[in-house]
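The values are calculated or read from the model by the stated rules, or taken from the named source; none is laboratory data. Just so we're clear, the structure is a prediction, and the values are computed from it rather than from any experiment. Counting neighbours? That spans all protein chains shown, and the Cβs are built from the backbone with ideal geometry, glycine included. Each accessible area value is taken on the protein alone, full model and side chains, heavy atoms only, with ligands, DNA and RNA left out. Shrake-Rupley method; radii C 1.70, N 1.55, O 1.52, S 1.80 Å.
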Amino acid sequence: MKSTPTAFSLPARILHWLMAVLVLAMLFIGVGMVASVSERHQWLIGLHKPLGIAILILVLLRLYVRWRYPAPPLPADLPTWQRMGAYLSHSALYALMLAMPLVGWAMLSAGGYPITLGYGVQLPPIVPAGPALFSVLRYAHQYLAYLLFLTFLLHMGAALYHGLIRRDGVLRSMMRGKRIEE
Amino acid sequence: MDSSRTPTWRWLFIAAAIAVFAGLFAYVGGWIAPNRLTPKKIVDTLEDNAGVHPGYRRNHSKGICVAGTFTSSGQAADYSIAALFAPGDTPVVGRFALPGGNPYAPDNSVPIRSFALRFTQSDGQQWRTGMNSMPVFPVATPEAFFAQLQAGRPDPATGKPDPARMKAFFDAHPEASAFLKWVKTAKPSASYATETYWGLNAFYFVNEQGERQAVRWEVVPEQAMDDTASPDTSDPNYLAFDLEQRLASGALRWRLLVTLAAPGDPVDDATKTWPANRPQIDAGTLVLNQVQPQDSGECRDINYDPTILPQGIEISSDPLLPARSAAYADSYLRRTGEEAHLPSTSRPGDAHLAGSKHP
Ligand code: HEM
Ligand code: HEM
Ligand code: HEM
C-alpha cells in the first residue's frame, strides 16, 4: 500500500531537525574556531571533528530514509520556479551535508595529520598526503561551508515563506505528522 | 492565497530571521568583530615584519629537516600511557630552525635556535612538539605575543625594529624580564647539535590510573659545546653545513628530560621556570642520523602544531598553546597553497640544502 504521503515520516522529521541543529552548530563552530586564538579554538576543534563524522553517518542514514519513505508532494499550485528552487536547494543541502565531512576528513589526510576524534579513536587517511591537495581541500572546506550556510538561509527563508505567507502546510509537513489543510 | 493581504510583520519576521542568523554567523566568524585577535592577524603581522616568502613557514622560516629514532627508557611510562614512552623505538622526523620569518637570515643574526619533532607511534598516534633553545619565553599570552610582533616591526628607514617601540613594549611587559636577562648573555651558537631545547609550555601526562601530572620537557645534547669553536660567519648558512658534517661522521644524540611540576607550579605561564629542585625523569634518547634540505625533506609539509598529542599527553591551560595551534594552521595553509607554484618543489631532486654555499 503506497498512498501519497501528506507529511514527512517520523524518521525523516527526527533526522531533519536533529541534523539541522548539528549542521548549523558545525558551521558556527567552524568559523568560530578558525577566527580564535583562545582556548575556545582547542575545545571547538575537539568537538568539530567527531560531530562532523557523526553528520556523515547520519546523512547516509537519512538518504536511506528518503529512499524508503518518499517525501510528500509540494502543493499543486506552487509556481514551477519555486518547485525548481525547492528541488535544487534540497539537492544542494544533501550534497553539501555529504561533501563537508568527506572534505574535512580528506583535507586532514592530505595534510598528514592524524585524524583523531578523541578518546583514542583515530580514522585512517582517505587520500594520500600532499601539500597541493591539502590546500585545495582546505579552501574547498571553507567555501563549501559558506555555500552551505547561504543555502540554509535561503532554505529557512523559503520554509518561513511557506509557513507564514503561503500557509500551505509545507512547513507543517516537516513539523508534525499531518498536513492540516486550511 | 493573496499575498497582498499578508500582514507586513510576517515578511519582516522572515527578513529578521535571516538577518539574525547571518549577523550571528558574521560575528562568530570574526568579520564584524574587528577587535578580536585572530590567527590571521598574527600571521599577517609576521608577514609584515619579514616579508612574504612563498612556500616558507611564516615564522622559523629558515630551517633544515632531520630524521632519526627515539629510544624510550621506559621511565616516563609510569606517568603517561603514550605508547612512545613504553620501552622501544619510535621513528622521528624533526626540523631545526631559526626564529623569525626571514628564510635567508644569517645564522648568527639571532642567539636562538629551535627544534621541532614529530614522533609517530606504531598505532598511528603522533606527538608533535616545537622547542626553542631558551629556558623561558618572553611573553605569556597571545595578546602580548601580538603586541611584541607589532613593536618589532622594522622601521622602513633602518630596516630594524624601532628601539623606542621595543622599549615601550618591554616596559609594559615586565613578565619578559627573565627572558631579557637570559638573552643578554646568549650568543648565536656554532651548531644546532650542542643546544638544549625547551618545550616551554606546560602539558599534562596522564597515566593508566588517569592521574594527571603537569610536566615540561627539554632535550639535552650529548654533544658537548665547544667554547673555542667560533662559527664561520663568512657563511650565513654555517649551521646547515655544520649539521651535515657532523652527521656525515656519526649520529647525534639528545636526552629527553621531563620535569615534574609540584602542585601549585604555574602551568599557564611560559615566562616562568619552575623551581630548580623539581624532579626530572630521563624519558629516553633521541638519535638523529639523517639530514635533508627543508625544501624537499619530509619536515617541509609537517605542521609542528604542539597540540597534536597521543593519548597520555594533554595540553595545559597555557594560553599560548591554542594560539600556536591556530596560527600554525594558518601559516601551514598559506605555505602549502604556495608550494604547488614553486619550481623547486616540483623537482625535489634538484633542491639544495637551505641555500648553503657549501656543496
Ligand atoms: C557537516 C560537516 C562540517 C561542516 C559544516 C564544517 C564546517 C567547517 C567550517 C565552517 C570551518 C571553517 C572554515 C574556514 O572559515 O576557514 C571548518 C574548519 C575545519 N574543519 Fe570542518 N566542517 C565539517 C566537517 C568536518 C570534519 C568531518 C572534519 C574532520 C574530521 C573537519 C575538520 C575541520 C578542521 C580541522 C577545520 C579547521 C582547520 C584549520 O584550523 O585550518 N570538518 N569546518
Ligand atoms: C530553521 C531551520 C529550518 C527550517 C524551518 C526547515 C524547514 C524545512 C521544511 C519545511 C522542509 C520541507 C520542505 C518540503 O516539503 O519539501 C525541509 C526540508 C529539508 N530540509 Fe530543512 N529546515 C531548516 C533547516 C535545515 C538545515 C540546517 C538543513 C541542512 C543543512 C536542512 C535540510 C533539509 C533538506 C535536505 C530537506 C529536504 C527533505 C527532503 O525532501 O527529503 N534544513 N526543511
Ligand atoms: C602565541 C605564541 C606563538 C605564535 C603565534 C607562534 C607562531 C608560529 C608560527 C606561525 C610558526 C610557523 C608554523 C608553520 O608554518 O608550520 C611557528 C613556528 C615555530 N614555533 Fe612558534 N609561535 C608561538 C609560540 C611559540 C613557543 C612558546 C615556542 C617554543 C616553545 C615556539 C616554537 C616554534 C618552533 C620550534 C617553530 C618551528 C617549527 C618548525 O620547525 O616547523 N613558538 N611559530
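Descriptive notes on the structure:
- Cβ neighbours within 10 Å from other chains - mean over A:111-119: 5
- Between A:H90, A:H141, A:H48, the GNM of chain A built on Cα springs shorter than 10 angstrom shows A:H90 fluctuating the most.
- Relative contact order of chain A, defined on C-alpha pairs under 8 angstrom at six or more residues apart (%): 26 percent
- Point-charge dipole on Cβ atoms (K/R +1, D/E -1) for the stretch B:58-144, about Cα centre, debye to 20: 320 debye
- Difference of contour (0.36 nm per residue) and Cα-Cα distance, B:S177 to B:S73: 33.8 nm
- Among the residues of the stretch A:25-53, those with an accessible-area drop of 40 Å² or more from chain alone to full protein complex, heavy atoms and 1.4 Å probe, are A:F28, A:V31, A:A35, A:V37, A:H41, A:Q42.
- In the stretch A:10-176, the ratio of gyration radius to Kirkwood radius, Rg to Rh, stands at 1.02 when only Cα atoms are counted.
- Relative contact order %, chain B, counting alpha carbon pairs below 8 Å whose residues are six or more apart: 22 percent
- Helix B:39-50 vs. chain B, principal-axis angle (Cα, 0 to 90°, nearest 10): 50 degrees
- For the protein assembly as shown, size of Cβ-based charge dipole, Lys and Arg +1, Asp and Glu -1, in debye: 2260 debye
- Note on A:W43/B:Q150: beta-carbon distance plugged into 1/(1 + (r/R0)^6) with R0 of 25 Å gives a FRET efficiency of 0.35.
- The B-A contact accounts for roughly 3600 square angstrom of buried accessible surface, both chains included, probe 1.4 angstrom.
- Figure note: B:K167, A:K49 ranked by solvent-accessible area, largest first, 1.4 Å probe, ligands and nucleic acids not counted: B:K167, A:K49.
- C-alpha long axis of helix B:8-28 to longest principal axis of chain B, angle in °: 10 degrees
- 37 °C / 0.692 mPa s Stokes-Einstein diffusion coefficient of the stretch B:159-314, Kirkwood radius on C-alpha pairs, µm²/s: 175 µm²/s
- Heavy-atom accessible area per residue - the stretch A:10-176, 1.4 Å, Å²: 49 Å²
- Cβ neighbours within 10 Å from other chains - mean over B:318-328: 4
- The distance from the alpha carbon centre of the stretch A:43-82 to that of the stretch A:103-182 is 9 Å, rounded to a whole number.
- Note on B:E47 and A:Q82: the model spin-label points, each 7 Å out from Cα along the C-beta direction, lie 4.6 nm apart.
- Taking all protein chains together and a 1.4 Å probe, the residues B:Y332, A:Y87 rank A:Y87, B:Y332 from largest to smallest accessible area.
- Ranking B:N237, B:G130, B:V52 by how far each Cα lies toward the positive end of the dipole of chain B (charges on Cβ) leaves B:V52 at the top.
- Annotation: the protein assembly as shown has a Kirkwood hydrodynamic radius of 26.2 angstrom, from the mean reciprocal C-alpha pair distance.
- Taking the 1.4 Å solvent-accessible surface of chain B as the whole, the part contributed by carbon and sulfur is 56%.
- For the set B:K41/B:K184; B:K62/B:K272; B:K181/B:K272; B:K184/B:K272; B:K62/B:K187, the pairs lying more than 22 angstrom apart at their alpha carbons are B:K41/B:K184; B:K62/B:K272.
- The charge dipole of the stretch A:29-124, taken about the Cα centre with unit charges on the Cβ atoms of Lys, Arg (+1) and Asp, Glu (-1), comes to about 180 debye, rounded to the nearest 20.
- Accessible surface of A:M84 - all protein chains present, 1.4 Å probe, nearest 10 Å²: 100 Å²
- The stretch B:87-159: relative contact order in percent, alpha carbon pairs under 8 Å with at least 6 residues between: 24 percent
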